[in-house]
Amino acid sequence: MRVISKKKLREYYTVHPQAELPLAEWYYRMKVCKAKSISGLRKIFNSADPVHGYTVFNIGGNSYRLITAIHYDKQLCFVRAIWTHANYSKKSNQDKLKRGEL
């Protein structure tokens, strides 16, 4: 699957260096992923969950939430946001997810 964009991952782990290894691991696993649906994706990433039209991954031992928009038919994964677990839990960010504002 093609991941768009690795730049967002790099920008995040430049500010949060402890996130580099888990995000890099996710990226390389995602690149070789050929999942056709969320159920296929869960065979590779058991922490992937559909949330309001996005696919959310628990990264780094539940420390981070990687929010993506995946188009299985085109094998494209768009990185929409990366939040800490605490930021993901904020009501304002949950509202953004519901409204599709990422």
Of the residues in segment 55-67, how many are within 13 Å of residue 12 (Cβ to Cβ) and free of Cβ contacts under 8 Å to residues at least 24 places away in the same chain? 1
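Listed here are the residues, each with its yes/no results for (1) within 15 Å of residue 13 (Cβ to Cβ); (2) over 14 Å from the mean Cα position of the chain (by Cα); (3) surrounded by fewer than 11 Cβ atoms within 10 Å (Cβ to Cβ); (4) modelled with pLDDT of 95 or more.
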| residue | (1), (2), (3), (4) |
| --- | --- |
| 69 | no, no, no, yes |
| 83 | yes, no, no, yes |
| 92 | no, yes, yes, no |
| 101 | no, yes, yes, no |
Checked pairs for segment 36-54, first open to solvent by less than 30 Å² (accessible area, probe 1.4 Å), second assigned to a helix (DSSP H, G or I), C-beta under 7 Å and 6 or more apart or across chains, list as 48/38; 48/41; 48/42; 51/97; 54/97
Can you tell me which residue within segment 55-67, out of those that are small (Gly, Ala, Ser) and surrounded by 13 or more Cβ atoms within 10 Å (Cβ to Cβ), is farthest from residue 33 (Cα to Cα)? 63
Which residue is modelled with the lowest pLDDT, if the candidates are limited to segment 1-23 and must be under 15 Å from residue 77 (Cβ atoms) and open to solvent by less than 70 Å² (accessible area, probe 1.4 Å)? 5
How do the pairs read when you match residues in segment 19-32 that are among the charged types (D, E, K, R) with residues anywhere that are surrounded by 12 or more Cβ atoms within 10 Å (Cβ to Cβ), using Cβ under 6 Å and keeping only pairs 6 or more apart or on different chains? 20/13
Output for Cβ contacts, cut-off 7 Å, separation at least six or different chains, first residue within 23 Å of residue 34 (Cβ to Cβ) in segment 1-15, second part of a helix (DSSP H, G or I) and open to solvent by less than 60 Å² (accessible area, probe 1.4 Å), reads 1/30; 3/27; 3/30; 6/27; 9/23; 9/27
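The values are calculated or read from the model by the stated rules, or taken from the named source; none is laboratory data. These numbers were taken from a predicted model, which means no experiment stands behind them. Positions of Cβ are backbone-derived with ideal geometry, glycine not excepted, and every protein chain shown enters the neighbour counts. Heavy atoms of the whole protein, side chains included, go into the accessibility calculation; ligands, DNA and RNA do not. Shrake-Rupley method; radii C 1.70, N 1.55, O 1.52, S 1.80 Å.
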